[in-house]
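Scroll down for the structure; my scribbles are underneath it.
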Amino acid sequence: MLKPSSSEPSALARTILFVSDEMTHAQLCRSALEEAGFIVLWTNGSSDALKVCAHHDGPIHLLLTDLVLPPPEFQLASTVNPFPHVNGFELAIRAIETRRDLRVALMCKDPEKELAAHGISRTRLPVLTKPIDRQNLVSFVQEVLRQAPPMLSRSNHAGTEHETEWFG
């Protein structure tokens, strides 16, 4: 479900698509980011996030997503579904296919363990370790926005190792 920022954005504000199924965590992060001047679009799952990437009229500068996202209650496997329920890394790959200039970062509690659990040994994406404090979050987002968009695709991530940047 899309939860757009209610504050009035400045002309230079950057838009962040924030994906987390943890309501308390999402509220804390959204509040910190809005206070820092960002426009925050929040969804609680990958399917809604992919819909936002496809249909949002304005720019989206950063996708900040949990690596571990809840599975759907029921979903048939289908290669034609443009908005599937996937983990945060797969969400990043699919979102970049839709928005080439998108910067992406992952969040998780135990990056090494959680990446390995999803079959991801390493990634080029920055990873923010939870729990997250407000100041660290804003600094992390500002740093990621200064970087070039990642070069990810389904074809180049399978079977290759990438460098990981750890934050937090």
Among the helices (runs of 4 or more DSSP H) contained in the stretch 82-168, which hold 1 or more residues that are closer than 25 Å to Ala13 by Cβ, under 16 Å from the mean Cα position of the chain (by Cα) and at pLDDT 90 or above? 88-98, 134-146
Which condition does Thr24 not pass, out of (1) under 17 Å from Gln142 (Cβ atoms); (2) among the hydroxyl-bearing types (Ser, Thr, Tyr); (3) at pLDDT below 95; (4) assigned to a helix (DSSP H, G or I), if it passes all the others? (1)
Quick one: would you say Gly58 is at pLDDT 90 or above, on the phi > 0 side of the Ramachandran plot and surrounded by fewer than 19 Cβ atoms within 10 Å (Cβ to Cβ)? no
Residue hits (the stretch 27-46; surrounded by fewer than 19 Cβ atoms within 10 Å (Cβ to Cβ) and assigned to a helix (DSSP H, G or I)) are Gln27, Leu28, Ser31, Glu34, Glu35
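The values are calculated or read from the model by the stated rules, or taken from the named source; none is laboratory data. In this text the structure is predicted, and so the values were computed from the model without any measurement. Note: ideal-geometry Cβ built from the backbone for every residue, glycine included; neighbour counts use all protein chains shown.
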